[in-house]
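Everything below concerns the one structure shown next.
The values are calculated or read from the model by the stated rules, or taken from the named source; none is laboratory data. Keep in mind that this is a model prediction, so the values were computed, not measured. When we count neighbours, we look across all protein chains shown, and the Cβ atoms used for this are built from the backbone with ideal geometry, even at glycine. Only protein heavy atoms, including side chains, enter the accessible area calculation; ligands, DNA and RNA are left aside. Shrake-Rupley method; radii C 1.70, N 1.55, O 1.52, S 1.80 Å.
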Amino acid sequence: MGDPDAASPQLRSRLRVALRGAVQGVGFRPFVFRLATELGLTGCVNNSAQGVFIEVEGPRPELEKFLLRLEAEKPSRSFIHSLEGSWLAPLGHTSFAIRESQGGGSKSAIVLPDMATCPDCLSEILDPQNRRYFYPFTNCTNCGPRFSIIDSLPYDRANTSMKRFTMCPRCQEEYDDPRDRRFHAQPNACPVCGPRLELWSGAGIDGMQPELCVPSTGEGNRNVLETTAEAIRAGKIVAVKGLGGFHLLVAADDQETVVRLRELKHREEKPFAVMFQSLEFVKEVCQVSAFEKRLLLSPEAPIVLLRRHSAPSVARFSPAPSIAPNNPYLGVMLPYTPLHHLLLFLLGRPVVATSGNLSDEPLCIDEHEALERLHGIADFFLVHNRPIIRHVDDSVVRVIAGGEQVLRRARGYAPLPIPLPASEFEVRQVLAVGGHLKNAIALSVGPQVFISQHIGDLETDQANNAFERVVADFEKLYQAQPSVIAADAHPDYVSTKFARARSEQVRSHTDSCEEHGTSANSQREGPRLISVQHHVAHVLACMAENELKPPVLGISWDGTGYGLDGTVWGGEFFVVEENLCERVAHLRQFRLPGGDKAIKEPRRAALGLLHELFGEAVFSMDHLAAVRAFSKEDLASMRVMLARRLNAPLTSSAGRLFDVVASLTALRQKVAFEGQAAMELEFSIEGCETSEFYPVAWSNRAPAGESLTGTASSMSVLDWSGLVQGILSDLEQGVAISQISARFHNALVEMMLEVARELGKERVALSGGCFQNRYLTERAVRRLREEGFHPYWHQRVPPNDGGICLGQVLAALRG
Ligand SMILES: [Zn+2]
Ligand SMILES: [Zn+2]
């Protein structure tokens, strides 16, 4: 900062400050107004597409105080990423003003996520004397919708879906008063001027014309909410238009309705989340640590996976068994909008709140689309007339190793950016299209990587459309023209095909423009397509999130990823050096009879592994649950596939090894959702404490010093044969499954240690879906630390495929 007037403090000076970060939509300008006025300074403040811009004039010491207090006392929901200040000659401002926003310029302002209802707004809606009593769209600068209603930057009412509502005089007064909590609260509304509720019937819909049951009348839409609560109490399924899309709500203690919901939604066993009306109620059903309590009550208000009490003592409520079958955990959230608060208040009991869609399709956001897509599932539709600009699912988090781990990153988190290390500031824009399952995309703009909300598995047209919409949305929001597109190395992923087509399309567009001589100055090359191997992307994502510099040992374990040698990878070890990433070791491979089918059937993985170990003899090992799980005919066809190596790809996947053990221990032979077998194997440890582990060995250990070239001949291979023999012998002796599962998990951690010791890299990054496993991650962290290593794992970005877009960006930047 220049300092021309430092020697003469009596003189008036002018301080100009440009702030970047999460500074819009959090009451930053009114805070600046109050601070400047209090210090007797003149000048102005305004939002711009880049952030917040401030000019203050006054005596030098007061300006210095202003600068210090600006950072120290900033609104709690804001964060300042960068602050550039400069000292200038005074202009003679006579008052302090909040100016209109300036459009234009590059779009790097940080769009805030949607924020849960703040305590002030909550007490207003429950206060019969307040004009917002029972009003379900109450919000202020500290809370309410943001990302889900923003159409473009800067964040002003005219650029949100609130533009269709004209504020009444009383709301306008609040909006204009810098001393008011609603000063420039863009979604400000009240029962007189704001959005309204309606309850539609889902029955007898003809030609998709909604049948209006209850319009809102009078006091805060209360009548609509009361009828909705009655319907839920009576065992109805209600589709509710919430903040980022539709939920399906049913009473959480109503087993019959929960089962009906599962059938209609085609969701067999994947756990449902439950919304409780209060923390006190949650504590009756689940254990809640101080940290978990903070997460439940945070503005992000995610679904938190909580351990249930083993013997619910005096609970007023017991969750229907079908909510989360065979699961000692429950996905729990608290109401995060006034609508949910009021509905749960009237209902007086928890509800299942699951996304309003079929199976794994993306959320519905529009009421007419919901009528069409949820017709036949929902009995009623609770809707409102505030448009949702983009879908935002509920986020899911779990506490692992004493910290938060985001498993699904959406509401409350998206689209906050991950900052890149300083050395990578001067890079071009990269669009990363993610993977196939749990897809999310990322866009780098300058030193920030904006990660999209969770999109989902790209398995349906609905999901693929949502994927393309989110890409277009991000490019529009940040006015980005990426020069590089990063995609998974798998050639057949929908996301990879999209990236390839985009890269070629822009190329040919550029070519045709050049033919017409119109693009002399335009880029000659279209966006360059970069393929990033799946597990490398996992490791780089973990490094980016933890701001790790090479050299790093990356342990990348998940279910399935396209390997560069044509086999299926998933139990990989990499050494990341500056501009170099080498696969140095992997788990021993085995065959997956039936290919993709084996992902749904752990028994197939088990048979493939046993065949690798015992050959043909496996087909007569009838004493094994994995073998008995097949019919004679099926077993015969497996035999052909394995013998002829037909449709039986080789894999080194750690996720499949979990499947094998789940099958051998007869826990699960077929899964209803991804990761189910591994999850149940983790849960089966419950209550067993042991440090014993099955033997692990190198089946091909490259000599130290020459082992890091990564060529096939020197690749180190970790052998699970001793591990599997140990399990088989324990099964024979009737050892408890909890004991077997713990020894198995412990053995996997010892494998990691073997490799870490061999390679001697101090920093170890743990990534991939396997590290959603709390037992595995916590033990790996503890053991690595005991042996002097520094382990790093995921916290803000999912360890699963939801995080690989971040790693793809980093790979593209590192070349
Ligand atoms: Zn509020
Ligand atoms: Zn109003």
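Cross-link pairs exceeding 31 Å in C-alpha to C-alpha distance, out of Lys241/Lys438; Lys497/Lys632; Lys438/Lys549, comprise Lys497/Lys632.
For the pair Leu68 and Lys600 in one chain, pulling the backbone fully straight at 0.36 nm per residue adds 185.7 nm over the alpha carbon distance. Here the Karplus curve 6.51 cos²θ - 1.76 cosθ + 1.60, taken at θ = phi - 60°, turns the phi angles of segment 122-131 into couplings of 4, 5, 5, 6, 9, 9, x, 7, 7, 5 Hz, with x standing for Gly and Pro. Straight Cα distances below 17 angstrom link Lys283 to the lysines Lys293, with same-chain residues fewer than 8 positions distant left out. A 1.4 Å probe, protein heavy atoms only, puts the accessible area of Val430 near 0 Å². Amide H contacts of Asn439: Ile455, Gly456, Asp457, Leu458, each under 5 Å away and 5 or more positions distant or on a separate chain (H built 1.01 Å from N in the peptide plane; Pro and chain starts excluded).
Phi-derived couplings, Karplus 6.51 cos²θ - 1.76 cosθ + 1.60 at θ = phi - 60°, listed residue by residue for segment 719-736: 9, 9, 5, x, 4, 5, 4, x, 5, 4, 6, 5, 4, 4, 8, x, 5, 4 Hz, with x used for Gly and Pro. Modelled spin labels at Gln287 and Asp176, positioned 7 Å past Cα toward Cβ, are 5.7 nm from each other.
Residues Lys597, Lys438 ordered from highest to lowest accessible area at a 1.4 Å probe: Lys597, Lys438. Residues whose amide H comes within less than 5 Å of that of Cys168, counting only those at least five positions distant or on another chain, are Cys193 (H built at 1.01 Å from N in the peptide plane). FRET efficiency for the pair Arg34 and Ser95, taken as 1/(1 + (r/R0)^6) with r the Cβ-Cβ distance and R0 = 22 Å, rounds to 0.95.
Spin-label model, Glu84/Gln733: points 7 Å from Cα along the beta carbon direction are separated by 6.9 nm. Rounded to 0.05, the FRET efficiency of the Ala18 and Asp151 pair, given R0 = 25 Å and the Cβ-Cβ distance, is 0.55. Take the Cα of Glu582, step 7 Å toward its Cβ, do the same at Leu613, and the gap between the two points is 3.2 nm. Could you tell me the calculated FRET efficiency between Glu256 and Lys670, based on Cβ-Cβ distance and R0 = 25 angstrom, to the nearest 0.05? With R0 = 25 Å, the Cβ-Cβ based efficiency is 0.45. Amide H contacts of His81: Arg20, Gly21, Ala22, each under 5 Å away and 5 or more positions distant or on a separate chain (H built 1.01 Å from N in the peptide plane; Pro and chain starts excluded).
In segment 119-153, which residues have a backbone nitrogen under 16 Å from the label point lying 7 Å from Glu230's Cα in the Cα-to-Cβ direction? Flagged as within label range: none.
If you stretched the chain out fully between Arg782 and Asn465, how much longer would it get, using 0.36 nm times the residue separation minus the C-alpha to C-alpha distance? Full extension from Arg782 to Asn465 adds 109.8 nm. Compactness ratio for the chain: Cα radius of gyration over 2.2 N^0.38 Å (N = residue count) comes to 1.01. Residue separation of Ala643 and Gln505 scaled by 0.36 nm, minus their Cα-Cα distance, works out to 45.2 nm of gained length. Principal-axis analysis of the Cα atoms of the chain puts helix 222-233 at an angle of about 10° to the longest axis. Phi-derived couplings, Karplus 6.51 cos²θ - 1.76 cosθ + 1.60 at θ = phi - 60°, listed residue by residue for segment 53-61: 10, 10, 10, 10, 10, x, x, 3, x Hz, with x used for Gly and Pro.
Where the accessible area of the chain is counted over protein heavy atoms with a 1.4 Å probe, how much of it, in %, is carbon and sulfur? Each step should come with its number before you reach the end.
On the way: 15180 of 31020 Å².
The computed percentage sits at 49.
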